[in-house]
Amino acid sequence: MLKSIGVLTSGGDSPGMNAALRAVVRTALFEGVKVWGIYNGYRGLLDEEMEEMTSRSVSDIIQRGGTILGTARCKRFMTEEGRMQAYENMKKRGIEGLVIIGGDGSLRGATQLSLETGVPIVGLPGTIDNDVWGTDYTIGCDTAANTIIDAINKLRDTASSHNRIAVVEVMGRHCGWLAMLAGIAGGAEFILVPEEEYNLDDICSGIIKSYEQGRRYSLIVVAEGVGSSLDIGKYIEEKTNMDVRVSVLGHIQRGGSPSVRDRVKASQLGEKAALALIAGQSDVVFGFNQGKVVAIDLHDAITNKKHMNDEFIRLAKQLN
Ligand code: ADP
């Protein structure tokens, strides 16, 4: 049984991180275990920005986007020297293990720390990209998809009024999950993701054909990893001779009050992470598989690449 644990949020922020943090803190306190909040990701471990949390430290945060602990990208933690310093700072305060809430990179850093120092680590997938292997769900993806849908609904109104083609660029550098989810839910005619080859000429002829058959406007969702949506929009405009408007949604996708789904799932994961760490488990990431909480081997989570759901690719094409 661990008696004192730390928790931090790292990498890109995502809505629901606060709900996870709240669950970690309150579960630990309920179990009679001390819990330290570490500010600004791994940087806080190095610069000793941390404090002991009480139940009140996480009051009034479940509805807030972002992370009250702050997050950062920390180059020094990428070095062994930096990680040893982090370990020393933990030892000084009697922090025996860590819950890391973050994306792929943050979980990689956690693995390194655990490997080199033996500190028990439990990870939670906190990223809007839904790109962590072994889990169907990552904290924040649902809220981000809902934010995109809100934008798409508005863009549809104006695109249909003007008979335009709307190209919407959404986040996802290496992974098209967010684009796929939002594209299907938003009724996009085409969804371009990094995992799937596409042919712009075929898309242009598809658009022309659908206009001939009476479609009033087109919606194309593009994951940022596919390439410049501005270039894609320009090419389509030239080839189809139609009016195209490109909207790059950008950081708005990261913000906002978390959805019900993100709040509840993040709370479930936060509880499981705290209990596992306190019980002495290490090198696991908690996620969801077919609706159930599952423990994923941390090493597997960072070495395997998540695949796009073939069923979604098929469905998106069939319904366009
Ligand atoms: P995300 O967790 O959202 O994928 P990053 O990839 O930027 O975000 O990672 C967040 C932080 O995790 C980095 O700034 C760094 O401190 C740490 N990190 C990432 N990769 C490694 C690694 N291979 N070894 C050690 N630390 C890492």
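Observations
- Distance between the 7 Å Cα→Cβ label points at residue 91 and residue 252: 5.0 nm.
- Computed from label points 7 Å out along Cα-Cβ, the spacing between residue 160 and residue 173 is 3.7 nm.
- Look at the dipole of segment 1-67 built from charges on Cβ: of 11, 37, 1, the Cα furthest out on the positive end belongs to 1.
- Under 10 Å, Cβ to Cβ, from residue 42 - net charge with Lys/Arg +1 and Asp/Glu -1: +4
- Taking every C-alpha pair closer than 8 Å and separated by at least 6 residues, the mean separation divided by the residue count of segment 74-132 gives a relative contact order of 34 percent.
- The chain, relative contact order [Cα under 8 Å, separation at least 6], %: 25 percent
- Model label sites at residue 317 and residue 197, defined 7 Å from Cα along the beta-carbon direction, differ in position by 1.2 nm.
- Within the chain: Cβ-based charge dipole about Cα centre, in debye rounded to nearest 20 (Lys, Arg +1; Asp, Glu -1): 740 debye
- Top positive-direction residue, dipole computed over segment 73-143 with Cβ charges, set 103, 89, 121: 89
- Prolate/oblate/rounded call for segment 254-317, Cα gyration tensor, a/c under 1.5 rounded: oblate
- Accessible carbon and sulfur surface of the chain relative to its total accessible area, %, 1.4 Å: 49 percent
- Each helix, a run of at least 4 DSSP H residues, gives -39500 (n - 2.57); summed and divided by the residues of the chain, these come to -13500 deg cm²/dmol at 222 nm.
- Taking all Cα pairs closer than 8 Å and separated by 6 or more residues, the relative contact order of segment 142-255 comes to 39 percent.
- Violating pairs (Cα-Cα greater than 19 angstrom) within the set 34/91; 3/265; 272/305; 34/272: 3/265; 272/305
- Highest average first, the peptides 248-255, 302-309 ordered by how many other beta carbon atoms sit within 10 Å of their residues are 248-255, 302-309.
- For segment 42-145, a simple Cβ point-charge model (Lys and Arg +1, Asp and Glu -1, everything else neutral) yields a dipole of about 200 debye relative to the Cα centre.
- Whole-number accessible area per residue in Å² for segment 142-255, which is evaluated in the context of all protein chains at 1.4 Å: 47 Å²
- Most to least packed among 290-298, 257-265, 269-277, 230-238 [average Cβ atoms within 10 Å]: 269-277, 257-265, 230-238, 290-298
The values are calculated or read from the model by the stated rules, or taken from the named source; none is laboratory data. What you are looking at is a predicted structure, and each value in this text was computed from that prediction instead of being measured. Please note: Cβ atoms are built from the backbone with ideal geometry, for glycine as well, and neighbour counts cover all protein chains shown. When the accessible area is computed, the model is the full protein with side chains, heavy atoms only, and any ligands, DNA or RNA have been set aside. Shrake-Rupley method; radii C 1.70, N 1.55, O 1.52, S 1.80 Å.
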